[in-house]
Amino acid sequence: MTMRAHRTYAATQRETSVSSAKPVELVAMVYQRLLDHLHTGKIQMAEGVDSSESFSKAIDLITTGLESCLDKEKGGEIAQNLAFIYDWAGKEIIRARLRRDPEMIQGVINAFVPLAEAWLEHAGQKDESFASKYLQPVMATAKALSGKAVGASAGGVKGMNAVFAARA
């Protein structure tokens, strides 16, 4: 299958999923796509490759897919807190791009993973391996970027492994 055919097939699959999804499932999908773009952009940034498209798509998903759908009157404090997180995330992505700092992007990913997991669970799509897709690579990225073993002291890797074990 050619790359063009693969992209066309993937686009058709996404459109079919979106058209048949419930609203709660759509929000979960937006979070998943957002995390995919952030993760891809972080890897591209760490490799010195142009990451602008991935981060532009991530910001677009935050502003048009999440933030614009908030009902601050009915949602009350929760909606206001989410609006604050979305605003912070957009600004943090821009700062990370300016500084070319993939670990700042990881901070945004870390903020969105629990939200995404909550929406997945609410949609009945709980996936025990979801967080590990975005959180476990942090340690490998940190090691590669720093050139040293991360967390040799004060719990570092062992502490992170305990967090992941607790999620399972």
>> Please return the ranges of helices (runs of 4 or more DSSP H) entirely within region 50-168 where 2 or more residues are modelled with pLDDT under 95 and either acidic (Asp, Glu) or surrounded by 13 or more Cβ atoms within 10 Å (Cβ to Cβ) (or both).
In response: 72-99, 102-122, 130-135, 137-146, 156-167
> Could we say that MET45 is surrounded by 12 or more Cβ atoms within 10 Å (Cβ to Cβ), touching a Ser or Thr at 6+ places or on another chain (Cβ under 9 Å) and closer than 17 Å to VAL113 by Cβ here?
Replying inline: no
> Out of the residues in region 61-81 that are of a type in the set (Gly, Ala, Ser) and within 19 Å of LEU26 (Cα to Cα), which is nearest to the chain's Cα centre (by Cα)?
Replying inline: GLY65
> List pairs: first in region 42-54 and over 21 Å from LEU135 (Cα atoms), second in a loop (DSSP other than H, G, I, E, B), Cβ under 7 Å, 6+ apart or cross-chain?
Replying inline: none
> Has region 44-53 got any residue that is over 17 Å from the mean Cα position of the chain (by Cα), farther than 21 Å from LYS22 by Cα and aliphatic (A, V, I, L, M)?
Replying inline: yes
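The values are calculated or read from the model by the stated rules, or taken from the named source; none is laboratory data. As the structure is a prediction and not an experimental result, all values here were calculated from the model. FYI the Cβ positions are ideal-geometry reconstructions off the backbone, even for glycines, and counts take in every protein chain you see.
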